[in-house]
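J.: Provided herewith is a single structure, encoded as structure tokens, for subsequent inquiry.
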Amino acid sequence: MKKFSRAFSIAVLSAALVACSSGPSDSDVQAALKDTIKQVEQVYAAWGINFSETFDIDVKVKNKSKQDDGRWLVQTETIMRAKKDWVKGKKGEVVGQPQTDNVYMVKGDSGWIIQNAR
């Protein structure tokens, strides 16, 4: 019984450590990028364009890798697509070129957050 208890404790600890070391999910990345998207919406609002009614943003995670300092380097590709016809394009068209970016992410008290590259 003592051996079983010890083996069980080791298994539980191992599972906890594995869970802590897993990186951000795709939905974690998308949620963390919402603040950036809100800033883009403000720029378009200054031009009289209601961004969320006119465009759809699709963020795809291309790669994730854990760094030596514990952060996760996440490479994303962002595509902006027209939700409806607008001055410079038609509904469904990709607006501009897909944008590739790298962000560092860390697990904060309220979930995954983007951290500056420092």
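J.: Are any residues in segment 61-76 in contact (Cβ under 8 Å) with a residue 24 or more places away in the chain and of a type outside the set (Ser, Thr, Tyr), and if so, which ones?
T.: Scanning segment 61-76 gives VAL61, LYS62, LYS64, LYS66, GLN67, GLY70, ARG71, TRP72, LEU73, VAL74, GLN75.
J.: State all residues of segment 11-42 that are among the β-branched types (Val, Ile, Thr) and modelled with pLDDT of 90 or more; if no residue qualifies, say none.
T.: VAL29
Yes or no, residue by residue, for (1) of a type in the set (Lys, Arg); (2) part of a strand (DSSP E or B); (3) surrounded by fewer than 12 Cβ atoms within 10 Å (Cβ to Cβ); (4) over 14 Å from the mean Cα position of the chain (by Cα):
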position: SER52; (1), (2), (3), (4): no, no, no, yes
position: ASP56; (1), (2), (3), (4): no, yes, no, yes
position: GLY70; (1), (2), (3), (4): no, no, yes, yes
position: LEU73; (1), (2), (3), (4): no, yes, no, no
position: ARG81; (1), (2), (3), (4): yes, yes, no, yes
position: VAL95; (1), (2), (3), (4): no, yes, no, yes
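J.: While we're on this one: Can ILE114 be described as surrounded by 15 or more Cβ atoms within 10 Å (Cβ to Cβ), in contact (Cβ under 8 Å) with a residue 60 or more places away in the chain, hydrophobic (A, V, I, L, M, F, W, C) and part of a strand (DSSP E or B)?
T.: Yes: the conditions hold for ILE114.
J.: Among the listed residues GLN30, GLN42, GLN99, identify the single one that is touching a residue at least 24 places away in the same chain (Cβ under 8 Å) and among the polar types (S, T, N, Q).
T.: GLN30
J.: Within the bounds of segment 58-66, is there any residue that is under 16 Å from ILE114 (Cβ atoms) and of a type in the set (A, V, I, L, M, F, W, C)?
T.: Checked against the condition, which is being under 16 Å from ILE114 (Cβ atoms) and of a type in the set (A, V, I, L, M, F, W, C), segment 58-66 yields at least one hit.
J.: Looking at GLY48 and the list (1) over 17 Å from GLN115 (Cβ atoms); (2) touching a helix residue (DSSP H, G or I) at 6+ places or on another chain (Cβ under 8 Å); (3) of a type outside the set (Lys, Arg), which single condition is not satisfied?
T.: The failed condition is (2).
The values are calculated or read from the model by the stated rules, or taken from the named source; none is laboratory data. Fair warning: this is a prediction, and the values are worked out from it, not measured in the lab. For neighbour counting, all protein chains shown are included, and Cβ atoms are generated from backbone atoms with ideal geometry for every residue, glycine included.
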